[in-house]
Amino acid sequence: MKGAPLLNLVLAVVLTMAVGQLLVIGRPILVPIITAVISVYLMSSATEALRRAPVLRHLPSAALRALVLLIFALGLYAFAVVVASTIGEIAGVAPGYQQNFEALADRLEQRFDVDMQKVLDDAFRVTFGGMDLRAVILGVLGGFTSVGSTAFLVVIYAAFLMVEQPGFPAKLSAALGDPQDARDAAGILSQINARIGEYLAVKTLINLILGGLCLGILLAMGSDFALFWAIVIALLNYIPYVGSLLGVAFPVLLSVAQEGSVGHSLALAAMLIAAQISVGNVLEPRMIGRQLNLSPFAVMAALSVWSAIWGLAGAILAVPMTAMLVIVLEHFPATRFLAVLMWNEVPPQGAAPRPESPDEARG
């Protein structure tokens, strides 16, 4: 095989296509499992943080893990309830939103002369005349509709993983047999735990802060479903570069239909963007620092691939999954070049790679 590079390339392409097809077919099974695995990294970091608390440090490790798992389960349950109820309510008020939207379009048309008004009227009728706002809203929010069943599976898988986590090193050593291979695998897992766990913990805290700021803004501006949109903004902020823009766009666009006022929507957009900039360019670089060392192109490519395979869930999980892949690739000489191509910065010769968060580019 060493003397047949073209055959190796063809086999690699075929293998990649086969794995991609399996990922698409296995989405209902794999997404909850991968989400649970990545959630365990977050919960492990939270457990270590609680272990440093003055009172909780005296509790057994099993009790701390159970407490973190309970908080995680309650949070997912509350999220599922809010999402399920809000999407139904939005669908109910959508006809009124559509009337406000059409009335706004009529007022904008009247600001122009007769000829221009006719052109704008024709353009609007062609573009939006047959649009069903209710169907559009449900289509856009369709990625959230299955969150209840997915959340239940994630909690179940995460619970079993948390229970088995303390005995995993012994299982790994027994499975590999060779002590050196076991140490190498343990080193890779330790590096993944350190990078991914810290990144997710700090990123989650930042998203909670951002969601709280946006909730205050939405309530002050009288936006409908303020809690839901604040949760959506916080959740989409896990997606680098484009997530924050999408998080702001949804409530702003819906506010146009709610209020029928361009000025109100522009003011809401300005305040939400100011909150995003404050968190993304001031708070986030200070708290996250450099951790993952993923190039912006690698991040965008990963977002494109994983969102095409798994939709919204793939976009949210793209960064931690890609970071885990890079950590594994850089530990093997045959695949290290692939990891180097996905680095944001190549460290000096002999120095360890300097990790960086993909969101630091906004700073």
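The values are calculated or read from the model by the stated rules, or taken from the named source; none is laboratory data. The model shown is predicted, which means the values in this text are computed figures rather than measured ones. Cβ coordinates were reconstructed from backbone atoms using ideal geometry, including for glycine residues, and neighbour counts include every protein chain displayed. With ligands, DNA and RNA removed, areas are computed over all heavy atoms of the protein, side chains included. Shrake-Rupley method; radii C 1.70, N 1.55, O 1.52, S 1.80 Å.
When you scan segment 127-149, do you find a residue that is at pLDDT 75 or above, out of contact with any Cys (no Cβ under 9 Å at 6 or more places or on another chain) and not hydroxyl-bearing (Ser, Thr, Tyr), even just one? No, segment 127-149 has no match at all. Ala269 satisfies every condition listed in (1) over 23 Å from Val81 (Cα atoms); (2) open to solvent by 10 Å² or more (accessible area, probe 1.4 Å); (3) in a helix (DSSP H, G or I); (4) in contact (Cβ under 8 Å) with a residue 40 or more places away in the chain except (4). When restricted to residues that are within 21 Å of Ser85 (Cβ to Cβ) and either touching a strand residue (DSSP E or B) at 6+ places or on another chain (Cβ under 9 Å) or among the small types (Gly, Ala, Ser) (or both), segment 204-263 contains 10. Just one of (1) surrounded by fewer than 18 Cβ atoms within 10 Å (Cβ to Cβ); (2) within 18 Å of the chain's Cα centre (by Cα); (3) modelled with pLDDT of 90 or more fails for Thr204. It is (3). Any residue at all in segment 46-53 that's open to solvent by 70 Å² or more (accessible area, probe 1.4 Å) and either more than 16 Å from Ala201 (Cβ to Cβ) or β-branched (Val, Ile, Thr) (or both)? Scanning segment 46-53 turns up no residue that is open to solvent by 70 Å² or more (accessible area, probe 1.4 Å) and either more than 16 Å from Ala201 (Cβ to Cβ) or β-branched (Val, Ile, Thr) (or both).
Restricting the search to segment 201-216, which residues are out of contact with any Ser or Thr (no Cβ under 7 Å at 6 or more places or on another chain) and either of a type in the set (A, V, I, L, M, F, W, C) or in contact (Cβ under 8 Å) with a residue 40 or more places away in the chain (or both)? Hits for segment 201-216 are Val202, Lys203, Thr204, Leu205, Ile206, Leu208, Ile209, Leu210, Leu213, Cys214, Leu215.
If only residues of segment 210-266 that are of a type in the set (S, T, N, Q) and either modelled with pLDDT of 85 or more or part of a helix (DSSP H, G or I) (or both) are counted, the one that is surrounded by the fewest Cβ atoms within 10 Å (Cβ to Cβ) is Gln258.
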